[in-house]
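The values are calculated or read from the model by the stated rules, or taken from the named source; none is laboratory data. Computed from a prediction, not measured in an experiment: that's the story for all the values here. Note that we place each Cβ from the backbone using ideal geometry, even for glycine, and neighbour counts take in every protein chain shown. The protein model used for the area step is the full one, side chains on, heavy atoms only, and it has no ligands, DNA or RNA in it. Shrake-Rupley method; radii C 1.70, N 1.55, O 1.52, S 1.80 Å.
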Amino acid sequence: MNMQHAIQPARPAFLDGTAKKLLIGGKWVEAVSGKSFTTRNPATGEVLDAVAEGDAADIDLAVAAARKAFDGPWGRFKPAERQRLMLRIADLLEANIADIAMLDSLDMGMPLAFAQYMAAGPVVETFRFCAGQAVAIHGETLYPSLPGDVLAYTLKEPIGVVGGIVPWNGPSFNATWKIAPALAAGCTLVLKVAEQASLTALRMAEICLEAGLPEGVLNVITGYGETAGAALAAHMDVDKVSFTGSTETGRAIIHASAGNIKKLTLELGGKSPNIVFNDANLELAVPGAAMAAFGNSGQVCLAGTRLFVQRGIYEEFTGRVAEFAKALVVGDPLNPSTMIGPVVSEEQLNRISGYLAAGTAEGAEALAGGARLTDGALANGYFIPPTLFSGVRDDMKIAREEIFGPVISALPFDDVDDVVPRANATEFGLASGVWTNDINTASRVSRRLRAGTVWVNGYSLMDPAVPFGGYKMSGYGKESGAHHIEEYLATKAVWMNTQ
Ligand code: ADP
């Protein structure tokens, strides 16, 4: 609890007290309605700058600007020109890591050290990886078996105007996962950022313009989901929506896409199993299992929140994870030693607190954490300590529903045949973890888990080269890796009858 001793780093000049505007067609403009709303620092409750409240009218303007850019000069950019531009953006983002990380930290409460890692690593490197992909787009040459001299080939073309809709849990990274593949593929983008944390994407958009991105290629709308988000999802001139967020909103977006049969990429919720066998290396598995669920205050779709532990080590392992949890420094995100910051908003705080109460009411025991922290300076922020529930049954609310907070439900298991069906008994299928020193167990369990990612003896490993995306109600389509760009491309078959 280190709020008092924090040395406060400099605030970005971007936070200058002026209301932040929308980016439409290369210009910073107020919302058509003239409305704005304020965004808060969840560590202190302090109001940060106001942002424009975009709505359907602003979405219309942004989509028109994106269409104009797609039909205009951007459509004629060669892949190598897109690559050069993206590498310039990456360099400028790298030069501004301090700003980007601070905005992420102030706006959503991410510990600054983690925000700096995310900006320097995943954000910048995803732009660089996607820049490489821009010059690697290619189709196939095909030889149909029809009589005569017939040849066919495929063209990979940008899908058109894309709507990106992102949540608040990693503002710079979420924006990157929509902007970078869209630019690499030659699409244009209208990005609707989350109302809880709008600032970083606006700063990143400034950087994109500074790097020379032509007007209208990237448009950024701040505003609420039910208004601006819904208008973008339903817009008849948007060719594709790439959405990251809750399964419930994902379902609404599927409905909204029906109007013009939009293509979709959906990265939704999770309740991922993390399975620890008796023979696991506990020196790795204890911190690994803890941070799989506590990192970013558990506000991560891929969090390993169902911790299955084999009976032979259950007591020892849960005891050690509880000790690890209690030792994590919770507090001011700007303090370099802070490991766990606040949760993003009062609404999330109340939601998570409801789950903590439900866990106890259903008979689970909190070996660590269990209730909101209100000591000293923490009282003004939204702090939930890392919480480990033991004595959890598979049918309890805390074992079934996505909490999106730093909460682990520990569940004992007997063997592979006991744990695999239980791990798979969820509507979600985003990610999973397996901890064992037996390669046969690792391989068998990895194949049987119904999830888009399996980590063996690790968790949360991400790299721009490796695809990520869910099974079942965690969504469809992949982000990251070569698949990421593929999602923004359409395939055209060209037939050549050459006789
Ligand atoms: P979370 O619970 O993580 O906030 P949401 O799915 O509610 O997840 O929000 C993710 C993003 O989707 C945010 O940008 C939000 O504004 C937007 N959103 C919410 N509701 C809708 C909707 N009905 N249509 C389109 N976008 C929406």
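Taking only region 180-196 into account, find how many residues are under 22 Å from residue 348 (Cβ atoms) and either assigned to a strand (DSSP E or B) or of a type in the set (Gly, Ala, Ser) (or both).
Residues meeting the conditions: 2.
Counting only residues that are farther than 13 Å from residue 232 by Cβ and out of contact with any Ser or Thr (no Cβ under 7 Å at 6 or more places or on another chain), how many does region 44-64 have?
Qualifying residue count, region 44-64: 3.
Going by the conditions given, is residue 195 open to solvent by 20 Å² or more (accessible area, probe 1.4 Å), closer than 30 Å to residue 299 by Cβ and within 16 Å of the ligand (Cβ to nearest atom)?
yes
Being more than 16 Å from the ligand (Cβ to nearest atom), closer than 22 Å to residue 20 by Cα and surrounded by fewer than 24 Cβ atoms within 10 Å (Cβ to Cβ) is the requirement here; does residue 140 meet it?
No; evaluated as a whole, the condition is false for this residue.
May I ask you to say which residue of 351, 306, 311 is charged (D, E, K, R) and crowded, with 18+ Cβ neighbours inside 10 Å?
It is 306.
Testing residue 320 on (1) outside the structural domain of residue 78 (by TED's automatic domain parsing); (2) surrounded by fewer than 19 Cβ atoms within 10 Å (Cβ to Cβ); (3) in contact with a Leu (Cβ under 6 Å, 6 or more places away or on another chain), one condition comes back false. Which one is that?
Condition (3) is where residue 320 drops out.
So, in region 69-124, exactly how many residues are under 30 Å from residue 43 (Cα atoms), in contact (Cβ under 8 Å) with a residue 12 or more places away in the chain and open to solvent by 20 Å² or more (accessible area, probe 1.4 Å)?
12
Just for region 256-288: of the residues that are within 11 Å of the ligand (Cβ to nearest atom) and within 19 Å of the chain's Cα centre (by Cα), which one is surrounded by the fewest Cβ atoms within 10 Å (Cβ to Cβ)?
So the residue we want is 269.
Provide a single number: the residues in region 235-255 that are of a type outside the set (A, V, I, L, M, F, W, C) and under 15 Å from the mean Cα position of the chain (by Cα).
The number of residues fulfilling the criteria is 7.
Please verify whether region 45-59 includes one or more residues that are modelled with pLDDT of 95 or more, in contact with a Pro (Cβ under 6 Å, 6 or more places away or on another chain) and either surrounded by fewer than 18 Cβ atoms within 10 Å (Cβ to Cβ) or closer than 23 Å to residue 241 by Cα (or both).
No.
Identify the residue in region 78-137 that is assigned to a helix (DSSP H, G or I) and of a type in the set (Lys, Arg) and, among all such residues, is farthest from the chain's Cα centre (by Cα).
Among them, the one singled out is 84.
Evaluate region 392-405: report whether one residue or more is within 13 Å of residue 293 (Cβ to Cβ), within 16 Å of the ligand (Cβ to nearest atom) and either of a type in the set (D, E, K, R) or outside the structural domain of residue 316 (by TED's automatic domain parsing) (or both).
Taking every residue of region 392-405 in turn, at least one turns out to be within 13 Å of residue 293 (Cβ to Cβ), within 16 Å of the ligand (Cβ to nearest atom) and either of a type in the set (D, E, K, R) or outside the structural domain of residue 316 (by TED's automatic domain parsing) (or both).
Return the residues of region 22-36 that are farther than 9 Å from residue 220 by Cα and either open to solvent by less than 30 Å² (accessible area, probe 1.4 Å) or of a type in the set (D, E, K, R) (or both); say none if nothing qualifies.
Hits for region 22-36 are 25, 26, 27, 30, 31, 35.
Table: residues versus (1) out of contact with any Gly (no Cβ under 9 Å at 6 or more places or on another chain); (2) among the acidic types (Asp, Glu); (3) farther than 17 Å from residue 105 by Cα; (4) open to solvent by 20 Å² or more (accessible area, probe 1.4 Å).
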position	(1), (2), (3), (4)
338	no, no, no, no
341	no, no, no, no
363	no, no, yes, yes
369	yes, no, yes, yes
372	yes, no, yes, yes
378	no, no, no, no
382	no, no, no, yes
386	no, no, yes, no
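I'm trying to understand the selection: among the residues of region 54-105, which are among the aliphatic types (A, V, I, L, M), closer than 17 Å to residue 209 by Cα and in contact with a helix residue (DSSP H, G or I) (Cβ under 6 Å, 6 or more places away or on another chain)?
Residues satisfying the conditions are 86, 87, 89, 90, 92, 93, 97, 100.
Can we say residue 152 is more than 22 Å from residue 209 (Cα to Cα) and surrounded by fewer than 23 Cβ atoms within 10 Å (Cβ to Cβ)?
It is true that residue 152 is more than 22 Å from residue 209 (Cα to Cα) and surrounded by fewer than 23 Cβ atoms within 10 Å (Cβ to Cβ).
Picking from 227, 244, which residue would you name as being hydroxyl-bearing (Ser, Thr, Tyr) and touching a Lys or Arg at 6+ places or on another chain (Cβ under 9 Å)?
Checking each option against the conditions leaves just 244.
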